[in-house]
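A.B. asks: Starting off with a structure, shown below.
FYI, it's all coordinate maths here, none of it is from the lab. The structure presented is a predicted model; accordingly, all values stated were derived computationally and were not measured. Virtual Cβ from ideal backbone geometry, glycine too; neighbours counted across all protein chains shown.
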């Protein structure tokens, strides 16, 4: 795994060990950042279910002003720290070792507003809808922001509840883009 573009281009990143781990492929990562385009510049990025931190690190390398990395596994948080150090992006990062839904609530209390939110839960995850709903309900995403969920193409039933603006499929991986609903 490596950083594809930007200030940390070429930096080699470590991935978590185990058969349950599914790092985002370079193909999907490149497609994601091509779609995001200039939205990444000076953005505040929230990487939920961060794993190795590869997506958040890529966002920082490509010009995001800061990234909050969230993962409930302490070993993944340690790995993200190591990967941030390798890519020399530590000063732009905040790491939170906690559950995604609990962290969304905590960030809302801090009046945190992300420009871009990336959700990459385990492919077998069945609680995507409540996490997406909490992101919108607690308003931790800017009204002009964008939420991207990476998920298995077979795990789509939750998308009917949200205003999906775009979907891209890459084998068994799907990127679903959701604009914040106008919740006042």
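A.B. asks: Percent antiparallel among DSSP beta bridges with both residues in the chain, to the nearest 5?
C.D. replies: For the chain, the DSSP antiparallel bridge percentage is about 40.
A.B. asks: Once both labels are modelled 7 Å past Cα along the beta-carbon direction, what's the residue 169-residue 133 spacing in nm?
C.D. replies: Computed distance between label sites residue 169 and residue 133 equals 2.7 nm.
A.B. asks: Ok, one more. With a/c under 1.5 counting as rounded, go ahead and sort the chain into rounded, prolate or oblate using the C-alpha gyration tensor (a ≥ b ≥ c being the square roots of the eigenvalues; past the cut-off, prolate if a/b is larger than b/c, else oblate).
C.D. replies: Rounded shape, in that the Cα axes give a/c under 1.5.
A.B. asks: While we're looking at this one, here's another question. Please build a GNM for the chain, connecting alpha carbons under 10 Å apart, and tell me which residue among 11, 114, 66 fluctuates the most.
C.D. replies: Among 11, 114, 66, the largest mean-square fluctuation in the Gaussian network model of the chain belongs to 11.
A.B. asks: Could I ask something else about it? Given only helices, namely DSSP H runs of n ≥ 4 each adding -39500 (n - 2.57), what is the per-residue ellipticity at 222 nm of the chain, to the nearest 500 deg cm²/dmol?
C.D. replies: Value at 222 nm, helices only, nearest 500: -8500 deg cm²/dmol.
A.B. asks: Where does each of 147, 79 land when they are ranked from fewest to most other beta-carbon atoms within 10 angstrom?
C.D. replies: Going from least to most buried by this count: 79, 147.
A.B. asks: With each pseudo-label sitting 7 Å past Cα toward Cβ, what's the residue 157-residue 144 distance in nm, one decimal?
C.D. replies: Taking the two extended label points, one gets 3.8 nm.
A.B. asks: Between residue 30 and residue 88, what length comes free when the chain is fully extended (0.36 nm per residue of separation minus the Cα-Cα distance, one decimal in nm)?
C.D. replies: Once the chain is fully extended between residue 30 and residue 88, it gains 18.8 nm.
A.B. asks: How high is the relative contact order of the chain, in percent, counting Cα pairs under 8 Å that sit 6 or more residues apart?
C.D. replies: 17
A.B. asks: Have a look at 60, 36, 116 and tell me which one the Gaussian network model of the chain (Cα, springs below 10 Å) gives the largest fluctuation.
C.D. replies: Judging by the Gaussian network model, the answer is 36.
A.B. asks: Quick one: if the Förster radius is 22 Å, what FRET efficiency do residue 75 and residue 2 give, using the C-beta to C-beta distance and rounding to 0.05?
C.D. replies: 0.60
A.B. asks: For the stretch 112-134 and the stretch 42-91, what is the centre-to-centre distance using only Cα atoms, to the nearest Å?
C.D. replies: 16
A.B. asks: If you build a Gaussian network model of the chain, linking Cα atoms that sit under 10 Å apart, which residue out of 152, 144, 76 swings the most?
C.D. replies: For the chain, modelled as a Gaussian network with Cα springs under 10 Å, the answer is 144.
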